[in-house]
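> Dumping the structure here so I can ask a few things about it.
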Amino acid sequence: MMCRFLALEGGSVPPALINLGPDDAQVACDIPLNSISEGTECFVKDGVIQFISAESKEPVAAGKISAKIKNAILLFVAKPNAAKAKWDIFVIDDSPKSFPIAGAYVANFYNQNIRFIIGGERIMLPSGGHHGLGRPTKLDPFNMAPVIFQFQKDEAWITASETMLRFTPGIRYMIFTYVDPMSGRPRAATYQDYKRTDASPAQ
């Protein structure tokens, strides 16, 4: 399986990792914090992808992957106060159906509902939810659309992010919502990705 890697902002960065395969096969993997890695061919055994520390050889992270997924973006999310495996792996199906070209992919790691506007589309996501959107139909002359995120706090809603993003055929976005452990405030982290297809190498 072709995998690309990213660590969610706000937590520690995973060390150099090794993906374990059959017959003691190993694949070296580095997990960047602020950008998506290049593609790496990884092993998945019985529907699970496993990683150990390259230095200590101790288990660090594991995640379940459907056999239907051929290309994946693996988001490493730090576990607070973890004793053993220190990161959860959130698997994104890196296909145009799940993560549309020139569109956006939103995942909610906040502990309550979020709601957001991208272009003219308004969506609410529960905690743990995710949603892929195509290119907005309502764009200004510069191919830009408003992107607004609100976080539920009990019965109230707080606007935590309001910006404009450019949606062109060669660019798509991943947006993750979570609580910043340093400030304790909800935030939306946006990452830019470039167009690819299932038949092309990861970029």
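Laboratory data are not the source of any read-out in this text; all were calculated from the coordinates shown. This structure is a prediction, so every number in the text was calculated from the model and none was measured. Backbone-built Cβ (ideal geometry, glycine too); neighbour counts: all protein chains shown.
> Could you list the chymotrypsin sites (Phe, Trp or Tyr not before Pro) in the range 106-203 that lie in coil according to DSSP, counting only those with at most 14 other Cβ atoms within 10 Å of their Cβ? Write out the running numbers ahead of the final one.
On the way: sites: 109, 110, 116, 142, 149, 151, 157, 167, 173, 176, 178, 191, 194; in loops: 109, 110, 142, 167.
Answer by residue number: 142.
> Let me ask another. How high is the relative contact order of the range 2-93, in percent, counting Cα pairs under 8 Å that sit 6 or more residues apart?
30
> If you take every DSSP beta bridge whose two residues both sit in the range 104-194, what share of them, in percent to the nearest 5, is antiparallel? Could you put the intermediate results ahead of the total?
Numbers: 33 of 38 bridges.
Taking every DSSP beta bridge with both residues in the range 104-194, the antiparallel ones total about 85 percent.
> Still on this structure: Loop-only check: which GluC sites (Glu not before Pro) in the range 79-171 are DSSP coil with at most 16 other Cβ within 10 angstrom?
Passing both the DSSP loop test and the Cβ count: 155.
> Hey, any idea what Rg/Rh is for the range 104-194, computing Rh the Kirkwood way over Cα pairs? Write down the numbers at each step before the final one.
On the way: Rg = 13.0 Å, Rh = 13.4 Å.
My calculation of the ratio gives 0.97.
> Additional query: Cα to Cα, under 19 Å, and not fewer than 8 places away if on the same chain: which lysines meet these conditions relative to residue 86?
Those lysines meeting the cut-off are 57, 64.
> Ok, one more. For the chain, modelled as a Gaussian network with Cα springs under 10 Å, which listed residue fluctuates most, 163, 177, 40?
163
> Which loop chymotrypsin sites (Phe, Trp or Tyr not before Pro) in the range 1-82, with loop taken from DSSP, have no more than 12 other Cβ atoms within 10 angstrom of their Cβ?
none
> Would you mind checking 70/138; 68/97; 70/97 for any pair whose Cα atoms are more than 20 angstrom apart?
Going by Cα-Cα distance, 70/138 fall outside the 20 Å limit.
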